[in-house]
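Heads up: the structure comes next, in structure tokens.
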Amino acid sequence: MPRSADLVNAVIKAYDVRGLVGEQIDAEFVHDVGAAFARLVKADAQRVVIGYDMRASSPELAQAFAAGVVAQGLDVVHIGLASTDQLYFASGHLDCPGAMFTASHNPAQYNGIKLCRAGAKPVGQDTGLATISREVIEGVPPFDGAAGTATEQDLLEEYAAYLRKLVDLAESRPLKVAVDAGNGMGGHTVPSVLGPLPFQIEALYFELDGTFPNHEANPLDPKNLVDLQDFVRRTGADIGLAFDGDADRCFVVDERGEPVSPSAVTALVAERELAKEPGATVIHNLITSRAVPELVTKLGGTPVRTRVGHSFIKETMAQSGAIFGGEHSAHYYFRDFWCADSGMLAALHVLAALGEQERPLSAVMEQYAAYAASGEINSTVADAAERTDAVLAAFADRTTGIDRLDGVTVDLPDSAWFNLRASNTEPLLRLNVEARSAEEVHALVTEILTIVRA
């Protein structure tokens, strides 16, 4: 049946489907999305693989989506509980489109769908979501042929074995690994992936619970790392790993309980991947530390800079044949993983680098942290463009370079730089600053925010 354009456009976003369960998303709505998705992919596919996270609403919504798919004549393969990167594995392994029911780190009352074509190729606004939106608004045409069938297939162990095949951990020394799953899907995947390896796993919040009773499953927010930091110190772990709700992002804490920058992880993985394929291309987004492209260049690789966002990374990886890509938000993309992102695979690389020598993780990561960084700081503003212009005017006499690939990036003397980007969905201006020292970063942040928040 036809649906409100305002509702559909509020839920079917640029990169995925996401909204409040019961108010914006229900079984009937998801059934229509499934039917429209089947129509979108049926020219190249005979089946769709479906997985879901630990949210209470996920099983029902996944079944409704499946009903919409089979009603259009395509088959469904249910893999059940899964992380998002496990769903990407299933899409690549089975060579079919996929749908993952998750709202990632959003609160319990939300749910959503991440869609991909065969081989884990992303579906975004320009590659299918706009078509799905239009059909859901107008009413999805019925299919007059035979309905498809639904089967179940457990791919967890195959997913785990595939990841371990990509990273050689045979020579790793025994490690004590603290893991905070945040009551998310890391509690489902970590035992299978890390269990057979020479690691002692110290588990924190592995119980699957979509109400997130301990803390938000969003390690990008420093307050959600506090429990892991304390846990690492208390257990004497060699390393700490924190996953978000759907376990496609991984954050790292060293043996002191100190967070490791995702840019440093990007640099470490880039070095390991370039050792396998000298001269390869590595993708980094524009607010990743400059240490990443500098290291890639030093090692003879080709760094390629992109806008922020997984669709830009994946598109650029496909075009360039890049071996690896990393983002400041702890999304890590691998050519050997269908150019999709896998926090678990990045974690295996860090574990391998730590386990193949005797130094603590803090010492291993020192070489990848040439600069100090602010992290992303958000400010609510009435007019992002006007505030950005005010900052540019204040820094005009110190600016050594400027570009507008994504927001505005301003280069300053002695390798310092900052980026200001307006949010596409909220009245926010996002600031990232990098410089040689923490003191210089603090001074720049204070000066810029004084102008932005005036």
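Taking the conditions exactly as written (modelled with pLDDT of 95 or more, touching a Pro at 6+ places or on another chain (Cβ under 7 Å) and more than 29 Å from Thr316 (Cβ to Cβ)), does Arg453 satisfy them or not?
no
Looking at Gly257, is it closer than 15 Å to Met54 by Cβ, outside any helix (DSSP H, G or I) and modelled with pLDDT of 95 or more?
When the stated conditions are applied, Gly257 does not pass them.
Counting just the residues of region 344-388 that are in contact (Cβ under 8 Å) with a residue 40 or more places away in the chain and of a type in the set (D, E, K, R), which one comes out surrounded by the fewest Cβ atoms within 10 Å (Cβ to Cβ)?
Glu358
Confirm whether Gly186 is among the small types (Gly, Ala, Ser), on the phi > 0 side of the Ramachandran plot and in contact (Cβ under 8 Å) with a residue 60 or more places away in the chain.
Taking the combined requirement at face value, the residue does not satisfy it.
Going through region 389-436 one residue at a time, which ones are open to solvent by less than 40 Å² (accessible area, probe 1.4 Å) and either part of a loop (DSSP other than H, G, I, E, B) or free of Cβ contacts under 8 Å to residues at least 24 places away in the same chain (or both)?
Leu392, Phe395, Gly401, Asp406, Gly407, Val408, Val410, Leu412, Ala416, Ser423
Select, from Ala170, Ala147, the only residue that is modelled with pLDDT under 95, open to solvent by 40 Å² or more (accessible area, probe 1.4 Å) and either of a type in the set (Phe, Trp, Tyr) or part of a loop (DSSP other than H, G, I, E, B) (or both).
Just one listed residue meets the conditions, Ala170.
Within region 179-219, can you find the residues that are polar (S, T, N, Q), part of a helix (DSSP H, G or I) and open to solvent by 10 Å² or more (accessible area, probe 1.4 Å)?
Ser192
Against the condition out of contact with any strand residue (DSSP E or B) (no Cβ under 9 Å at 6 or more places or on another chain), of a type in the set (Asp, Glu) and more than 27 Å from Glu376 (Cα to Cα), how does Glu202 come out, does it pass?
It is false that Glu202 is out of contact with any strand residue (DSSP E or B) (no Cβ under 9 Å at 6 or more places or on another chain), of a type in the set (Asp, Glu) and more than 27 Å from Glu376 (Cα to Cα).
Residue check: is Glu447 within 22 Å of Ala264 (Cβ to Cβ), acidic (Asp, Glu) and in contact (Cβ under 8 Å) with a residue 40 or more places away in the chain?
No; evaluated as a whole, the condition is false for this residue.
With the condition kept exactly as written, say whether any residue in region 319-338 is free of Cβ contacts under 8 Å to residues at least 12 places away in the same chain and open to solvent by 30 Å² or more (accessible area, probe 1.4 Å).
Yes, the conditions are met somewhere in region 319-338.
Taking Asp341 and the conditions (1) under 14 Å from Thr266 (Cα atoms); (2) surrounded by fewer than 20 Cβ atoms within 10 Å (Cβ to Cβ); (3) among the acidic types (Asp, Glu), which numbered condition does it fall short on, given that it satisfies the others?
Among (1) under 14 Å from Thr266 (Cα atoms); (2) surrounded by fewer than 20 Cβ atoms within 10 Å (Cβ to Cβ); (3) among the acidic types (Asp, Glu), the lone unmet condition for Asp341 is (2).
The values are calculated or read from the model by the stated rules, or taken from the named source; none is laboratory data. Remember, it's a predicted structure, so these values are computed and weren't measured experimentally. For neighbour counting, all protein chains shown are included, and Cβ atoms are generated from backbone atoms with ideal geometry for every residue, glycine included. Note: areas computed on protein heavy atoms with side chains; ligands, DNA, RNA excluded. Shrake-Rupley method; radii C 1.70, N 1.55, O 1.52, S 1.80 Å.
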